[in-house]
Amino acid sequence: DYALYKDPKKPLNRRINDLMKKMTLEEKLGQMVQIERSVASPQVMSKYFIGSVLSGGGSVPTPQATPEVWVDMVNELQKGSLSTRLGIPMIYGIDGVHGHNNVYNATIFPHNVGLGATRDPQLVKRIGAATALEIRATGIPYTFAPTIAVCRDPRWGRCYESYSEDPSIVRAMTELIPGLQGDIPPNSPKGVPYLGGQDKVIACAKHYVGDGGTTTGINENNTIATWHQVMSIHMPAYFNSIIKGVSTVMVSYSSLNGVKMHANRDFVTGFLKKNLRFRGFVISDWQGIDRITSPPHANYTYSILAGVNAGIDMIMVPYNYTEFLDGLKFLVENNFVSMSRIDDAVKRILREHRELAREAVRKSLVLLKNGDSGHKPLLPLDKHAPKILVAGTHANDIGNQCGGWTIQWQGQSGNITSGTTILTGIKKTVDPKTEVVFSENPESSYVKENGFSYAVVVVGEVPYAETNGDSLNLTLPEPGPGIISNVCGSVRCVVVLITGRPVVIEPYLGQIDALVAAWLPGTEGQGVADVLFGDFGFTGRLPRTWFKTVDQLPMNVGDEHYDPLFPFGYGLTA
Ligand SMILES: OC[C@@H]1[C@@H](O)[C@H](O)[C@@H](O)c2nc(-c3ccccc3)cn21
């Protein structure tokens, strides 16, 4: 029977939301577990809903195993995962330190220190591509590489895994990531986890952060560093990795100024996920949460609590997965770990590309007016204006911005699914000092008396589907016209229309400074703000003729009598 989440034609975030709604707590927690090959079996995969399996160093199905033997092993485990109620596939991960180094007859490339000596990032990228091919030939889609440690003391046992003591060389060698994962297509968003094709694998920037800076190079020890040293030596290559679409980040065993990285919420959640907006998943190192305590595993419940709440999404347990699952379940059921944290972890592990939706929104917007002979252009809007007004029935309403066929057949106004409203997108885009006031339907006196620099008015049609959408007058539903009149009659305004089609707008055009057709943008309202404020240009062109009055209809491009308000293909740039 049909399952929306399995339908590749459906919007990606709807698939995730559909799947998340169906998952039990046990199925969610299982996704966060990575176990070692030696304790994995199809039965274990299905019974515990395990999300991932790895080969630790030297862990092979048989000595000198051929690619076929590897593929058969991975497939057997995968069958176990696919046999579960929801059939969520598992991800098999393995170290690709210098080629597919666990596999007999695989090409073994120079270790990273030697690659640093080449000063040749394109060579490293080609090595990534070759490595991805060999890893994929054994049926494995995930490798724990590149190590982007900046080794600052050659006394460190892993210094050869570091490209250089110079962060700029390490930054350049993040070219391994597009080699492994594939190049992000041109004009695609940066900073979004990416995987391009069956001959590519997802990568892992590691070990976050400061693994190469420990005192006298003692492995897994403490890195004492100022904020500036962290941000100028150990962090920069993570910026490059994220921009290049790295899909995962592995946390370091080491501590930073005495704080275990596996328990470091400020750096894992605060900096990596929030500041850098990393959207892939964060994986622990091998028994990394055990080593939060000294001795390791001294208080495993605390290790689980500290690691998961720090923001680690997938735990490389790797052996005693029932102890981990029981511990995490206890913590969730007793509210020590929130369901929102679990859902964040699981969504990241399942995540596809919301960013793709946001890019689509940006490219769909059509600029129909921006100032005129008497007024200078209003767009792009000033992000640093002291105070702005956002008004309209569609500014803060996910259901309205999605339109029909969303969650329900007819769609529905309101907070019907997760996403970003246009208002939220605006708030995220403007200067933090800019005061953003939201009023759905303000009086003109209110607009006049509050010193707004400008207003964004977001109005349109309410959700409909099929016959319910038939309209003979195509008027902009009330209170849209009234909001336009009250706001745009009082302050400079841009009107963003959320409609499934051209509607009557000509009567209001004179009092509108700027007009944008946003159609039905869906959940990623951030894409509207991206373009209103000039982070991206307007590139949309009318896919339909915009009439002046309905009695002209039907009127299409090429008709003999063609007198539109805005012709097919029209669209301004800002
Ligand atoms: O092989 C998986 C990961 C690898 O990706 C990390 O870079 C590395 O820090 C690491 N150490 C162990 C590991 C350490 C001690 C005993 C057994 C295993 C396992 N792993």
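Among the DSSP beta bridges whose two residues both lie in the chain, what percent are antiparallel, rounded to the nearest 5?
Roughly 20 percent of the DSSP beta bridges within the chain come out antiparallel.
In region 259-363, which trypsin sites (Lys or Arg not before Pro) fall in coil by DSSP and have 11 or fewer other Cβ atoms within 10 Å?
In loop regions of region 259-363 (DSSP not H, G, I, E or B), the sparsely surrounded trypsin sites (Lys or Arg not before Pro) are Arg277.
Using a probe radius of 1.4 Å on heavy atoms only, what accessible surface per residue do you get for the chain? Whole Å² is fine.
For the chain, the solvent-accessible area averages 41 Å² per residue.
Tell me the net charge near Tyr508. Cut-off is 13 Å between Cβ atoms, Tyr508 excluded, with +1 for each Lys or Arg and -1 for each Asp or Glu. Walk me through the intermediate numbers first.
Details: positive: Lys369, Lys548; negative: Glu478, Glu506, Asp513.
With Lys, Arg at +1 and Asp, Glu at -1, the net is -1.
List the residues whose amide H sits under 5 Å from the amide H of His207, counting only those 5 or more places along or on another chain, with H placed 1.01 Å from N in the peptide plane.
It is Ile148, Ala149, by chain and number.
Using alpha carbons only, what's the Rg to Rh ratio of the chain with Rh from Kirkwood?
On the way: Rg = 26.9 Å, Rh = 26.0 Å.
My calculation puts Rg/Rh at 1.03.
Evaluate the relative contact order of the chain (contact order divided by residue number), counting alpha-carbon pairs under 8 angstrom at least 6 apart; express in whole percent.
Contact order relative to length: 11 percent.
Provide Rg over Rh for region 296-346; use the alpha carbon set for both Rg and the Kirkwood Rh (inverse mean inverse pair distance).
0.92
Restricting everything to alpha-carbon atoms, can you work out Rg to Rh for region 128-222 with a Kirkwood hydrodynamic radius? Kindly include the intermediate steps, with their values, before the conclusion.
On the way: Rg = 14.8 Å, Rh = 14.3 Å.
Reported Rg/Rh (Cα atoms, Kirkwood Rh): 1.04.
For the residue pair Asp559 and Val437, what label-to-label distance in nm results when each label sits 7 Å from Cα along the Cα-to-beta-carbon direction?
Going from the Asp559 label point to the Val437 one covers 4.3 nm.
Hey, got a sec? Which chymotrypsin sites (Phe, Trp or Tyr not before Pro) in region 41-112 land in a DSSP loop and have at most 14 other Cβ atoms within 10 Å?
Taking region 41-112 and a limit of 14 other Cβ atoms within 10 Å, the loop chymotrypsin sites (Phe, Trp or Tyr not before Pro) found are Tyr104.
Just from its helices, what would the mean residue ellipticity at 222 nm be for the chain, if runs of 4 or more DSSP H residues each count -39500 (n - 2.57) and the sum is divided by every residue, rounded to the nearest 500 deg cm²/dmol?
-8000 deg cm²/dmol
Using DSSP to call loops (not H, G, I, E or B), can you name the trypsin sites (Lys or Arg not before Pro) in region 78-135 whose Cβ has at most 13 other Cβ atoms within 10 angstrom?
Arg85, Arg119
Quick one: what does P(r) look like for region 227-316 with 5 Å bins over all Cα pairs, in whole %?
Reading the bins upward from 0: 3, 15, 25, 26, 17, 9, 4, 1.
Taking Cα pairs under 8 Å and at least six residues apart, what relative contact order does region 39-182 come out at, in percent?
Once divided by the residue count of region 39-182, the mean separation gives 25 percent.
If I compute solvent accessible area with a 1.4 Å probe over the protein chains, what percent of it on the chain is carbon and sulfur?
Ligands and nucleic acids excluded, carbon and sulfur reach 53 percent.
For region 428-516, what relative contact order do you get, as a whole percent, if you take Cα pairs closer than 8 Å and at least 6 residues apart?
Computed value for region 428-516: 35 percent relative contact order.
Just give me a number: lysine pairs in region 308-454, eight or more positions apart or cross-chain, with C-alpha atoms less than 15 Å apart.
Numbers: Lys383/Lys427; Lys383/Lys428; Lys383/Lys433; Lys387/Lys427; Lys387/Lys428; Lys387/Lys433; Lys387/Lys448.
Pairs that pass both the separation and distance tests number 7.
Determine the sum of side-chain charges near Leu497: Lys and Arg each +1, Asp and Glu each -1, restricted to other residues whose C-beta is under 15 angstrom from that of Leu497.
So the surrounding residues net to -2.
Which of rounded, prolate or oblate describes region 200-247 when judged by the alpha-carbon gyration tensor and an a/c cut-off of 1.5?
Oblate is the answer for region 200-247, as a/c is 1.5 or above yet b/c matches or exceeds a/b.
Relative to the present Cα-Cα distance, how much length would full extension add between Arg85 and Ile218 at 0.36 nm per residue of separation?
Numbers: separation 133, 0.36 × 133 = 47.88 nm, distance 4.63 nm.
Between Arg85 and Ile218, full extension yields 43.3 nm more.
The values are calculated or read from the model by the stated rules, or taken from the named source; none is laboratory data. Since this is a predicted model, take the numbers as computed values, not measurements. Note that each Cβ is placed from the backbone with ideal geometry, even for glycine, and that neighbours are counted across all protein chains shown. The area values use the complete protein model at the heavy-atom level, side chains included, leaving out ligands, DNA and RNA. Shrake-Rupley method; radii C 1.70, N 1.55, O 1.52, S 1.80 Å.
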